[in-house]
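What follows is a set of notes on a single structure, which appears directly below.
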Protein chains: 4
Amino acid sequence: MTALGIDIGGSSVKVGLVDRSGNIVERHSGTTPDSLPAFKATLGSLLAQFDGQLTAVDGIGFGCRGIIHHESTLVERLPGAAHFLEGSRLSDLVSDATPAGIVVRADNDARAALAGELAFGAARDCSNALMLTLGTGVGGAVLAEGRILRGARGVAGHLGHLTMEPDGPLCVCGNRGCLETYFSARAMEAEVGAGLHRGVATSLEGILKRSSPLCCEDIFNAAAEGDTLAIVVRDRAVHFLGAALAGLVHAFDPERVILGGQIIRAGAAIIEPLRQELRWRTMCLLGEEVPIVPAGVADQSGIVGAAALVFRP
Amino acid sequence: MTALGIDIGGSSVKVGLVDRSGNIVERHSGTTPDSLPAFKATLGSLLAQFDGQLTAVDGIGFGCRGIIHHESTLVERLPGAAHFLEGSRLSDLVSDATPAGIVVRADNDARAALAGELAFGAARDCSNALMLTLGTGVGGAVLAEGRILRGARGVAGHLGHLTMEPDGPLCVCGNRGCLETYFSARAMEAEVGAGLHRGVATSLEGILKRSSPLCCEDIFNAAAEGDTLAIVVRDRAVHFLGAALAGLVHAFDPERVILGGQIIRAGAAIIEPLRQELRWRTMCLLGEEVPIVPAGVADQSGIVGAAALVFRP
Amino acid sequence: MTALGIDIGGSSVKVGLVDRSGNIVERHSGTTPDSLPAFKATLGSLLAQFDGQLTAVDGIGFGCRGIIHHESTLVERLPGAAHFLEGSRLSDLVSDATPAGIVVRADNDARAALAGELAFGAARDCSNALMLTLGTGVGGAVLAEGRILRGARGVAGHLGHLTMEPDGPLCVCGNRGCLETYFSARAMEAEVGAGLHRGVATSLEGILKRSSPLCCEDIFNAAAEGDTLAIVVRDRAVHFLGAALAGLVHAFDPERVILGGQIIRAGAAIIEPLRQELRWRTMCLLGEEVPIVPAGVADQSGIVGAAALVFRP
Amino acid sequence: MTALGIDIGGSSVKVGLVDRSGNIVERHSGTTPDSLPAFKATLGSLLAQFDGQLTAVDGIGFGCRGIIHHESTLVERLPGAAHFLEGSRLSDLVSDATPAGIVVRADNDARAALAGELAFGAARDCSNALMLTLGTGVGGAVLAEGRILRGARGVAGHLGHLTMEPDGPLCVCGNRGCLETYFSARAMEAEVGAGLHRGVATSLEGILKRSSPLCCEDIFNAAAEGDTLAIVVRDRAVHFLGAALAGLVHAFDPERVILGGQIIRAGAAIIEPLRQELRWRTMCLLGEEVPIVPAGVADQSGIVGAAALVFRP
């Protein structure tokens, strides 16, 4: 059993053949074009490189940002570079190159990542799980009673937009005080930048001045070495995420909480304090500790998750 | 099609025969006993008063506080007066008085209320809905993809225990800053009491001094008449609930938000400001306004909701 | 050198002869009357009991709540039982019983307490000091460049009404989020009461149910014995007071911070965590630790402080 | 009556002759040197340009950052470019060029600015006044009972380091949640930058991308034109400053609050909402409105304030 996973990113389109164990057997990628016809051409040429293997695949899965109807594959909203796909059915884009009647599914990248965990990773034995992808923003997806929630408008699972402070910072989504304004890589980097701008001394100044963008790992490393600004930023972010997870666990009662995204490279430095926060906040209602685990699918390309949409709804 | 609804409360046990339209055809109630044998006896005698009509019912539904397995009807946790039911299967308590093989279901009262809305009320046409019961505490239940969520341990839907402030007031559940510590009747009454204790002048002093407990309606009335303390307490509570609803709507993407419980008697005075908060906070991600509606099932006894567990899973 | 100290309280009027070492040589007291003529009569009779010793005193000092002009002794505002004194000069009330031309001074009780510390207690060698009286409310007085600040309207030193949270609880003064709403005995008691009302379990329930009013010491004792609600209430209050003191120390740069009032009976349990908060918050700007010390004048009657107004302006 | 004002800045040293009306009669300036000998040489050459007029001056005043003893003129701390002055007496630096025995005074720039207001500007008729200079940071100075407060260590008046949130952002001073982290130009600019970094759309993006530093006026202008991010940043900053001023007014009871610095160029757009906040927060305790007025001394160079140290202590 194999599936083709297609990840549509802002800078590149990646296509891979994924086997039943979640391994990428073969992969090809190209730059994300800037128009629908060019996109079709690029996709056609990427698919052609699979040399007829596509006749044997059990289905095709697309993952991308935005809101896509998972069955019809209609792209409803897709902010950013590939916005020209809005209004298209992704299945139409591959109909020439694939066998008639093949299953084609699509969903946003956080749900695709959860599908990957469900098929091959940390959610394999779960009926209820929360997934948060902690990257530049905070993505989320929810498995409840064995199904990945999509909601009435395809928006369900936007866990990064849980309100943490009614009068908090303005979020990209128009709400104020969203979890994403406290925890995401962008939020932490912005807070370090703000501290520096206000004149606070920090070992991170050098990294920022070398004009390379600061990344989250830098902050966790500086904190581990005793930088006060980094410690304050890290601890506040973890405190808010722990508090948010507690509320989500009360709302969804999952078997486990799965964390993915670049921030997770910090490993135990982030998971251990989160575990402690979650434990004391939820022990009474839950009666037991809810494990927090890193994502089990190592693939950062999004291909495996997209392919997994074929295997698991 | 009829069902028997049984509500087990801290002070009384209520049993009613509910028809297919959600009307209570006949009802009987008794004081909640203080032991398991006495409870069985009371329940037996209440059922006997239905004079054999029970042979025609399509099933029996139980609603009570705590955590009850909805299919096995095993009571896992039941804090308060009827705690002796922990470890019992509620279906066993009615097996003598009912036909063999009859369907018996049970769930906590918030989910029973949502089942009632689903069968007869404001959620009738929904696949995704949030229900919050705003009473002494804040109860919650979630309909997602057509199913009432129960979660891995039967805890799903505890929306009153969403964390709103990581370092907020200590909640009865052991967490800090839960929605329930900001919005519930108890929380608002406590805040008025605290203001008075600190010496703030308020027209609510008279009500408190008459030693009758303050109720939420008093606060809304005093606020409407310009009492500053009441206004501050009301506005803060509504502000927090609006912010919480925004996060929940982002997480669950429901067709509507249903509010029940005593606080709802305040009507538009509470729903209108909530609607405004929810609108600006979620318009961007949702693309449309999510309606906030009062519960449609008028029954305060819990009987109709309990019966509805038979009709809808 | 001796002075007469007169404390006008809500329930009693206390008069004492204070020697140069701050000892009360002789004292008499009576119930606070409810009219100006009765007040004059009571005061006259109390003074008469000093048997002519008054001819030898160096002056008379009055302390009471509210706003009193310290030189003219005109009572501008005096909320509560003795409000009928508003508009009177306190010096007129003693003119019959005392030598012509004797010095008469008056001030609010927090400033009188600071005068006492300045003459006999913890501020004896200071030119700059902050005094906070932590009782049912939070009173304050400031010594700056050797003078007790009175301000343009006699209001200076209301340190309990420093704003700690712009949208915090409504204060008796009409502001929101005043220090007094976080730290005072009333505030802490109210917060425990609110927790109880929301259903939080606490060992303080017994004390409250015995209908004896809860006092601050009870909370500190319960916290020391591990009661979670008491710990949360205590730690939050101390955290806010420490943060407030840091700001005040940056504004006034005092040689020391003097704490008086009932809360101080908790001793090191309160002073030690405050000291730590103040230290890390101010070390950089101040360059050294500002000591926090308990009031040195043991007199709880207010007599010594009132008398001290004669010795030190 | 004339005085010489000398402002020692990070980039330039400015010297001016100020007459009794606060006008600068003549001025000369040079680049701030990087060593003590060079500094002496520069100052000597600047003074020489006044052609003997210095024999007629009534005194010399120095203003600079940091902590300077106002009578001995000893520089205790001076962070930044001119740090080599630490340990020097500023009076020694001008002794060769000025008549023996001439009065030389020195103080930090916020106190110098208040001295200027006292001699020539908005504090001329005051005994009690607060001054806040709202620039890249928040400076402060206090007039109490006719004297500019200096405190036990020369630190008094650091009003920008009032704690507004115990767990707020890390401040350059080591404290957390200082007023300066909410209101200053740097703080507001940093918050806009953080919003942009998190992806929030704003009309200020163009200004930031042109790599010219954002300034406070830009934010107020964008807010006036309806930019949501600018509105949120402005309103929050004003809300915090209003709340802080309320607390300071309760602590110092000034006749007026004087605002200086670049932010004040926003005029009524900033003063009017502050006035409203201050009014409702303090009306009850103060009994009247405390006026908020812009600084009356137009001089941005710091020369007039420095000279005023001679006229008023």
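The values are calculated or read from the model by the stated rules, or taken from the named source; none is laboratory data. Keep in mind that this is a model prediction, so the values were computed, not measured. Methodologically, a virtual Cβ is constructed for each residue, glycine included, from the backbone with ideal geometry; neighbour enumeration extends over all protein chains shown.
Going residue by residue through region A:204-216, is there one that turns out to be in contact with a strand residue (DSSP E or B) (Cβ under 9 Å, 6 or more places away or on another chain) and modelled with pLDDT of 95 or more? So far as region A:204-216 goes, no, none of its residues is in contact with a strand residue (DSSP E or B) (Cβ under 9 Å, 6 or more places away or on another chain) and modelled with pLDDT of 95 or more. Looking at region B:67-79, is at least one residue surrounded by 20 or more Cβ atoms within 10 Å (Cβ to Cβ), farther than 24 Å from B:Val155 by Cβ and in contact (Cβ under 8 Å) with a residue 12 or more places away in the chain? Within region B:67-79 (the criterion being surrounded by 20 or more Cβ atoms within 10 Å (Cβ to Cβ), farther than 24 Å from B:Val155 by Cβ and in contact (Cβ under 8 Å) with a residue 12 or more places away in the chain), the answer is no, since none of the residues qualifies.
If you take the residues in region D:270-287 that are out of contact with any Leu (no Cβ under 9 Å at 6 or more places or on another chain) and under 26 Å from D:Phe120 (Cβ atoms), which one is modelled with the highest pLDDT? So the residue we want is D:Arg275.
Considered as a group, the residues in region C:19-28 that are in contact (Cβ under 8 Å) with a residue 24 or more places away in the chain and assigned to a strand (DSSP E or B) include one that is surrounded by the fewest Cβ atoms within 10 Å (Cβ to Cβ), and that residue is C:Glu26. Taking region C:37-149 as the region of interest, the strands (runs of 3 or more DSSP E) fully inside it that hold 1 or more residues being in contact with a Leu (Cβ under 8 Å, 6 or more places away or on another chain), modelled with pLDDT of 90 or more and of a type in the set (Gly, Ala, Ser) are C:59-64, C:103-108, C:129-134, C:138-144.
Within region D:152-163, residues that are without any contact (Cβ under 8 Å) to a residue 40 or more places away in the chain and in a loop (DSSP other than H, G, I, E, B) sit with their Cβ atoms under 8 Å from residues that are among the basic types (Lys, Arg) and surrounded by 24 or more Cβ atoms within 10 Å (Cβ to Cβ), at 6+ positions apart or across chains, in these pairs: D:Ala156/D:Arg150. Residue-level check: of (1) touching a residue at least 60 places away in the same chain (Cβ under 8 Å); (2) buried (at least 22 other Cβ atoms within 10 Å of the Cβ), D:Ile219 misses just (1).
On the given criteria, is C:Asp235 in a loop (DSSP other than H, G, I, E, B) and out of contact with any Leu (no Cβ under 8 Å at 6 or more places or on another chain)? No, not satisfied. In the set (1) outside any strand (DSSP E or B); (2) surrounded by fewer than 19 Cβ atoms within 10 Å (Cβ to Cβ); (3) touching a residue at least 60 places away in the same chain (Cβ under 8 Å), the condition left unmet by A:Asp34 is number (3).
Could you go through region D:57-71 and let me know if any residue there is over 17 Å from the mean Cα position of the chain (by Cα) and more than 30 Å from C:Asp253 (Cα to Cα). Yes, there is a match, as at least one residue in region D:57-71 is over 17 Å from the mean Cα position of the chain (by Cα) and more than 30 Å from C:Asp253 (Cα to Cα).
To keep it simple, each residue is scored yes or no on (1) closer than 17 Å to A:His69 by Cα; (2) within 14 Å of the chain's Cα centre (by Cα).
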{"residue": "A:Asn128", "(1), (2)": "no, no"}
{"residue": "A:Met131", "(1), (2)": "no, yes"}
{"residue": "A:Gly135", "(1), (2)": "no, yes"}
{"residue": "A:Val142", "(1), (2)": "yes, yes"}
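Within region C:118-169, being surrounded by fewer than 23 Cβ atoms within 10 Å (Cβ to Cβ), more than 9 Å from chain D (Cβ to nearest Cβ) and of a type in the set (Ser, Thr, Tyr) holds for one residue alone: C:Thr136. Selection of region D:286-301 for residues being within 24 Å of the chain's Cα centre (by Cα) and within 14 Å of another protein chain (Cβ to nearest Cβ) yields D:Val290, D:Pro291.
Under the condition of being of a type in the set (Lys, Arg) and more than 7 Å from chain A (Cβ to nearest Cβ), the residues counted in region B:275-285 number 2. Look at (1) out of contact with any Leu (no Cβ under 6 Å at 6 or more places or on another chain); (2) among the aliphatic types (A, V, I, L, M); (3) free of Cβ contacts under 8 Å to residues at least 60 places away in the same chain; (4) more than 12 Å from chain A (Cβ to nearest Cβ) and you find that B:Ala308 fails only one, number (3). In region C:254-274, the residue that is nearest to C:Ala185 (Cα to Cα) out of those that are within 14 Å of chain D (Cβ to nearest Cβ) and outside any helix (DSSP H, G or I) is C:Ile258.
The condition of being more than 15 Å from the chain's Cα centre (by Cα) and of a type in the set (Asp, Glu) holds for only one of B:Glu180, B:Glu165, that being B:Glu165. Looking at D:Arg256, D:Arg275, D:Arg236, D:Arg210, just one residue is over 20 Å from the mean Cα position of the chain (by Cα) and either within 27 Å of C:Leu132 (Cα to Cα) or surrounded by 19 or more Cβ atoms within 10 Å (Cβ to Cβ) (or both), and that residue is D:Arg236. Inspection of region D:45-60 identifies no residue that is closer than 15 Å to D:Gly154 by Cβ, surrounded by 15 or more Cβ atoms within 10 Å (Cβ to Cβ) and touching a Phe, Trp or Tyr at 6+ places or on another chain (Cβ under 9 Å).
Conditions (1) over 24 Å from B:Gly267 (Cα atoms); (2) within 14 Å of chain A (Cβ to nearest Cβ), marked per residue:
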{"residue": "B:Cys171", "(1), (2)": "yes, yes"}
{"residue": "B:Glu189", "(1), (2)": "no, no"}
{"residue": "B:Gly193", "(1), (2)": "no, no"}
{"residue": "B:Leu204", "(1), (2)": "no, no"}
{"residue": "B:Ala222", "(1), (2)": "no, no"}
{"residue": "B:Glu225", "(1), (2)": "no, no"}
{"residue": "B:Ile231", "(1), (2)": "no, no"}
{"residue": "B:Ala237", "(1), (2)": "no, yes"}
{"residue": "B:Leu245", "(1), (2)": "no, yes"}
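From the residues in region B:170-187 that are over 16 Å from A:Pro166 (Cβ atoms) and of a type in the set (A, V, I, L, M, F, W, C), which one is surrounded by the fewest Cβ atoms within 10 Å (Cβ to Cβ)? Looking at residues that are over 16 Å from A:Pro166 (Cβ atoms) and of a type in the set (A, V, I, L, M, F, W, C), I get B:Val172.
Residues in region A:92-119 that are under 16 Å from the mean Cα position of the chain (by Cα) and either among the aromatic types (Phe, Trp, Tyr) or closer than 18 Å to A:Gln53 by Cβ (or both): there are none.
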